[in-house]
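See below for the structure under consideration.
The values are calculated or read from the model by the stated rules, or taken from the named source; none is laboratory data. As the structure is a computational prediction, the values presented were derived from the model and not from experiment. With ideal geometry, Cβ positions are generated from the backbone for all residues, glycine too; neighbour counts draw on all protein chains shown.
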Amino acid sequence: MAPVIELDRLVVRLGERTILDGLTGTLAGRAIGLLGPNGAGKSTLINTLLGFHPATSGAVRVFGADVREAKALRRLIGYMPESDAFISHMTGVRFVRYMAELAGLPAEAALERAHEAFFYVGLGEARYRKLGTYSLGMKQLAKLAQAIAHGPRLLLLDEPTNGLDPPARQRMIRLIREIRDAGQMHILISSHLLRDVEETCEEVVILREGRIAAHCDLETERRSNRKFVELETAGSATSFTTAVQGLGAECAFYPNGHGIARVKVVLPDAVEMRELFRLAAEHDVQIRRMNYRRDSLEDIFLAAMKDKEKKKEGEHGRP
Amino acid sequence: MAVHKRAYRPYEGPLTAERWRFLVLPRYGLLELFESRLLTAFAVLCFVPFLVEASAIYVAHSPAVRALLEISSASDFVRTPGFFVVTLTVQGWLAFVLTTWVAPVLISPDLVNGALPLYLSRPFTRAEYVLGKATVLMTLLSAITWVPGLLLFALEAGLAEGWGRQNIRIAVALFAGAWVWILELTLMGLALSAWIRWRIVASAALAGVFFMGAAFGEMWLEVLDGPWGRVTNLPYLMGLVWRSLFGVFSRESVAQEMLNAGPGRDLPIWAAWAGLAATAALSVWLLDRRLRAREVVS
């Protein structure tokens, strides 16, 4: 797949602070999640992609073009900022039309697409109302409408579900998925909400303190963990785990005392789940709880945060 | 595609020329401004002095109308550069009032709700943004300064044969002098509006800069008996530049009397130009500092 964003030892310093510290990587997914705790550098990376912040050193390319040629590149980008961004006295449709015209669309085409964008995001009925009268959820959707009206190839969404109530959040997530599945544009979503990214993205970059702490393909992770089973057993876990290993499975157990143990099993593709029940019966082991689970994004995120902490401790000479 | 079909489609149509895209801003800006009846009424009011001055020129050239109005003799004042300095001064003050009204309306709504990153995330630069907003002001101010000024010149030239050719300097001075004032007002108006997000406060600040500066300059003149404090008096600086452009420095000049000028009380012309240039440069610097997609706090 052709790369969407290429980061080449990208360093961004703002004042005395280094915000992005040598980012390197290639992002090529249809929907890319940018995760990290507050202050990790997510918004700075988006601002750098838009040319708002210059790279102190290194380079960043979007669709193969250096972001220093920001003006030409911005034609291909739609941007939905995190904070409020609207002109309160304008009606919704006029605002989106105005923004589309600034992106280069002729007036008539801009008007047509402004109407379409408003219907697309579900605000068709409110398009002649002034933006200042919109609720927070409606303002978020209006921001999305202005970001897609000019037909960009890359959509940058900075915390798109910020401040939304659950139904509005669901609506936003559904829209992002629809845009992703339509296959017309790539999406980069910056968020600190793991669930949002997990529900919408296939590739994830986790930032921490301006560095890439993890970069993974969620689909591959999901596939590789498809047969990951966690059991709580009562009885002789030792003989049971030996028998499970005999099936060719990877297996580990953690005794909790009083004959209770937690057993983690990664089953080979050819082995069915019922084999576990058969072996448990043979070894007189009760299976009291069973979770058919995969590594969630939360596990990946926490592991990335932990790795960094370990590295940091190592750098400081601590055990 | 009908609007009720909820599906996204990419845009593959033609694009507008990049170099003229900044004109989208004045188109929307002017439309919105003239949605206000009050502003429309004021804009119309700005042409009243022009109509009065045009009538004065016509009366001066028409013995029949003079007889009808029982005016004994024709005034030559309408033919002098002084008449056009007065015209420009009156229109210049109206331009100032219009700027205090319009400039904050142009910039504040974009800054109050953080719309600036949306402009600048498009193929649109900060310079184009300023140029687009400035075009709105420059269009309005042109319409009430040099355009009616040149119409008056044309009227006088049309009624008095040979006068136009002999006094072409007046037309040049009108055009150039008006543009200096327009640029000064536009840059200052936009700069102050960019720093003060509340429209009314921005208008008051703009008025304050003019009147406080003028008051300071005149106090300096009276207390210290020296002209250099007047470098903060922008209307005075502009008046001085206009008088130099029109070449009216005689003691009989009405403009000179109006501006409280006299030997030892006036700044040199170069100082007036330098004061105006410094104000414009300061305004550009303020705009550059303020109009950014993202503010960096170090």
Select from region A:112-133 the residues that are over 16 Å from B:Gly114 (Cβ atoms) and aliphatic (A, V, I, L, M) and write down the one among them that is farthest from the other protein chains (Cβ to nearest Cβ). A:Ala126
Are any residues in region B:104-152 under 13 Å from the mean Cα position of the chain (by Cα) and modelled with pLDDT under 95, and if so, which ones? none
Collect the residues in region B:204-247 that are among the acidic types (Asp, Glu) and in a helix (DSSP H, G or I), keeping them in residue-number order. B:Glu218, B:Glu222
In region A:139-188, how many residues are small (Gly, Ala, Ser) and over 22 Å from A:Leu76 (Cα atoms)? 2
Of the residues that sit in region B:153-164 and are without any contact (Cβ under 8 Å) to a residue 40 or more places away in the chain and closer than 19 Å to B:Ser55 by Cα, which one is nearest to the chain's Cα centre (by Cα)? B:Ala154
Would a scan of region A:263-281 turn up a residue that is surrounded by 12 or more Cβ atoms within 10 Å (Cβ to Cβ), within 30 Å of A:Leu193 (Cβ to Cβ) and of a type outside the set (Ser, Thr, Tyr)? yes
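So which residues in region B:194-203 are part of a helix (DSSP H, G or I) and of a type outside the set (Val, Ile, Thr)?
B:Ala194, B:Trp195, B:Arg199, B:Ala202, B:Ser203
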Looking at A:Gly29, is it in contact with a Cys (Cβ under 9 Å, 6 or more places away or on another chain) and either modelled with pLDDT under 90 or more than 10 Å from chain B (Cβ to nearest Cβ) (or both)? yes
Wholly within region B:1-90, helices (runs of 4 or more DSSP H) carrying at least 2 residues that are within 14 Å of chain A (Cβ to nearest Cβ): B:24-33
Kindly establish whether A:Gly39 is assigned by TED's automatic domain parsing to the domain that holds A:Ile176, at positive phi, assigned to a loop (DSSP other than H, G, I, E, B) and among the small types (Gly, Ala, Ser). yes
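Rundown of residues vs (1) touching a Lys or Arg at 6+ places or on another chain (Cβ under 6 Å); (2) at pLDDT below 90, yes/no style:
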| residue | (1), (2) |
| --- | --- |
| A:Leu154 | no, no |
| A:Thr161 | yes, no |
| A:Asp165 | no, yes |
| A:Gln170 | no, no |
| A:Glu178 | no, no |
| A:Met185 | yes, no |
| A:His192 | no, yes |
| A:Glu198 | no, yes |
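Restricting region B:165-193 to residues that are in a helix (DSSP H, G or I), more than 18 Å from the chain's Cα centre (by Cα) and in contact (Cβ under 8 Å) with a residue 40 or more places away in the chain, which is surrounded by the most Cβ atoms within 10 Å (Cβ to Cβ)?
Ranking the qualifying residues of region B:165-193, first place goes to B:Ile170.
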Can you say whether A:Leu141 is farther than 30 Å from A:Leu302 by Cα and in contact with a His (Cβ under 9 Å, 6 or more places away or on another chain), as far as the supplied structure shows? no
If A:Ala149 meets every condition in (1) touching a Lys or Arg at 6+ places or on another chain (Cβ under 8 Å); (2) farther than 28 Å from A:Ile87 by Cβ apart from one, which number is that one? (2)
Considering only region A:167-196, state which residues are away from chain B (no Cβ under 11 Å), over 21 Å from A:Glu298 (Cβ atoms) and surrounded by fewer than 20 Cβ atoms within 10 Å (Cβ to Cβ). A:Pro167, A:Ala168, A:Arg171, A:Arg174
Only residues that are crowded, with 16+ Cβ neighbours inside 10 Å, at the interface with chain B (Cβ under 7 Å from one of its Cβ atoms) and assigned to a helix (DSSP H, G or I): list them for region A:62-93, please. A:Arg74
Run down B:Leu111, B:Leu106 and say which single residue is of a type outside the set (D, E, K, R), within 14 Å of chain A (Cβ to nearest Cβ), in a helix (DSSP H, G or I) and surrounded by fewer than 20 Cβ atoms within 10 Å (Cβ to Cβ). B:Leu111
The listed residue being hydrophobic (A, V, I, L, M, F, W, C), facing chain B (nearest Cβ under 7 Å) and not in a loop (DSSP other than H, G, I, E, B), out of A:Ala109, A:Ala59: A:Ala109
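Quick check on region A:134-156: of everything there that is within 7 Å of chain B (Cβ to nearest Cβ) and in a helix (DSSP H, G or I), which residue is surrounded by the fewest Cβ atoms within 10 Å (Cβ to Cβ)? Walk me through how you get there before you give the answer.
The initial filter retains those residues of region A:134-156 that are within 7 Å of chain B (Cβ to nearest Cβ), namely A:146, A:148, A:150-151.
Still in the running and in a helix (DSSP H, G or I): A:146, A:148.
Details: A:Gln146: 30, A:Ile148: 25.
It comes out as A:Ile148.
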What do you reckon, is A:Thr242 surrounded by fewer than 18 Cβ atoms within 10 Å (Cβ to Cβ) and either in contact with a helix residue (DSSP H, G or I) (Cβ under 7 Å, 6 or more places away or on another chain) or assigned by TED's automatic domain parsing to the domain that holds A:Pro268 (or both)? yes
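Of the residues A:Leu45, A:Leu50, which is more than 8 Å from every other protein chain (Cβ to nearest Cβ) and not acidic (Asp, Glu)?
Only one candidate passes the filter, namely A:Leu45.
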Hey, could you check region B:194-236 for residues that are crowded, with 19+ Cβ neighbours inside 10 Å and of a type in the set (Val, Ile, Thr) and say which is nearest to B:Arg289 (Cα to Cα)? B:Ile196
